[in-house]
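Following: one structure in structure tokens, then a few remarks.
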Amino acid sequence: MNPYSLMLQTASMEMRQFQQTSPEASQFEKSWLERLAARLEHASNLSEAASAEREILAIARSDIDSGPSSRTAMPSFYLALDAVQRTRKRRSV
């Protein structure tokens with residue numbers, strides 16, 4: 001577990017719900033959305049915070065480049081991303 005685990009687990013569930021219920025989900029390949037949900041689960045299970053932070057940032061780039069960048073698809077992920085960004089900013093000060 002890492003400091004972001006709960007947010008990432010929730011985001012995975014949100015992505016699966018988005019995949020099943022949102023009309024917007026039809027624009028994306030179902031397998032891509034499922035892989036994204038699996039990556040969120042994987043990140044939630046990482047034991048080190050630094051590893052989880054790197055995965056969160058990688059997922060964010062992936063989502064922005066080719067996915068449902070709407071915050072409504074997985075709001076908990078964006079909470080985790082915000083937490084990572086705040087943590088990194090505090091470290092650099």
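The values are calculated or read from the model by the stated rules, or taken from the named source; none is laboratory data. None of the values given here were measured: they were computed from a predicted structure. Note: ideal-geometry Cβ built from the backbone for every residue, glycine included; neighbour counts use all protein chains shown. The protein model used for the area step is the full one, side chains on, heavy atoms only, and it has no ligands, DNA or RNA in it. Shrake-Rupley method; radii C 1.70, N 1.55, O 1.52, S 1.80 Å.
Of note:
- Estimated at the nearest 10 Å², the accessible area of SER26 is 90 Å² with a 1.4 Å probe.
- Here r is the Cβ-Cβ distance between SER26 and LYS89 and R0 is 30 Å; the resulting FRET efficiency, rounded to 0.05, is 0.20.
- Net charge of neighbours whose Cβ lies under 13 Å from the Cβ of ARG39, counting Lys and Arg as +1 and Asp and Glu as -1: 0
- For LYS89, the accessible surface of its heavy atoms amounts to roughly 140 Å² (probe 1.4 Å, protein chains only, rounded to the nearest 10).
- Region 8-52: relative contact order as a whole-number percent, Cα under 8 Å and 6+ apart: 47
- Relative contact order, percent, the chain [alpha-carbon distance under 8 Å, six or more residues apart]: 40
- For the chain, the fraction of 1.4 Å probe accessible surface lying on carbon and sulfur atoms is 53 percent.
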